[in-house]
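Down below is the structure, laid out as structure tokens.
The values are calculated or read from the model by the stated rules, or taken from the named source; none is laboratory data. No experiment lies behind these values; they were computed from the predicted model shown. Glycine gets a Cβ as well: all are built from the backbone with ideal geometry, and neighbour counts include every protein chain shown.
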Amino acid sequence: MESEHNIQKEIQVALSRKGYKVFRANVGSVHTSDGRFFKTGLPSGFFDLFGFRPEDGKIFFIEVKNETGKARPDQIRFHEMLQDNYIIHGLCRSAVEAVAVVDEKLIGYGFNG
């Protein structure tokens, strides 16, 4: 089974080759020297990749999963917010799916079924 990390890299390359601007959402957490927990990055549920289509300025979000991966409840809430606002997004298991989401301006691909 291919790792989500490798699928994510393949998606980034494929979308970039199509001329789309794509960025990886980095998050992390650490314990500070005084014992506090510090979380950096984006809100809970934020998708793995995001970007925009230069030709029309439309933003998109891609959640990357391997063949057995499932969306977490916080990712489903993020999907619902995106869907309510007609934002291009999808849960993708391959570069082919991700390119289709962005090319075809799909909303919610992979979340219903």
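Would you pick out the residues in the stretch 14-38 that are more than 15 Å from F61 (Cα to Cα) and either loosely packed, with under 10 Cβ neighbours inside 10 Å or in contact (Cβ under 8 Å) with a residue 40 or more places away in the chain (or both)?
Those that are more than 15 Å from F61 (Cα to Cα) and either loosely packed, with under 10 Cβ neighbours inside 10 Å or in contact (Cβ under 8 Å) with a residue 40 or more places away in the chain (or both): K18, G19, G28, S29, H31, T32, S33, D34, G35, R36, F37, F38.
Scanning the stretch 58-108 for residues that are on the phi > 0 side of the Ramachandran plot and hydroxyl-bearing (S, T, Y) yields a total of 1. Of all residue pairs spaced 6 or more apart or on separate chains, those with beta-carbon atoms under 8 Å, a first member in the stretch 66-82 that is farther than 14 Å from S44 by Cβ and a second member that is at pLDDT below 95 and not in a helix (DSSP H, G or I) are N66/M1; N66/E2; N66/S3; E67/M1; E67/E2; T68/M1.
So that you can scan it fast, the table gives a plain yes or no per residue for (1) in contact with a helix residue (DSSP H, G or I) (Cβ under 7 Å, 6 or more places away or on another chain); (2) closer than 23 Å to D103 by Cβ; (3) among the hydroxyl-bearing types (S, T, Y):
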position: K9; (1), (2), (3): no, yes, no
position: V27; (1), (2), (3): no, no, no
position: D34; (1), (2), (3): no, no, no
position: R53; (1), (2), (3): yes, yes, no
position: K65; (1), (2), (3): yes, yes, no
position: T68; (1), (2), (3): no, no, yes
position: D84; (1), (2), (3): no, yes, no
position: L91; (1), (2), (3): no, yes, no
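In the stretch 20-33 there is at least one residue that is at pLDDT 95 or above and in a loop (DSSP other than H, G, I, E, B).
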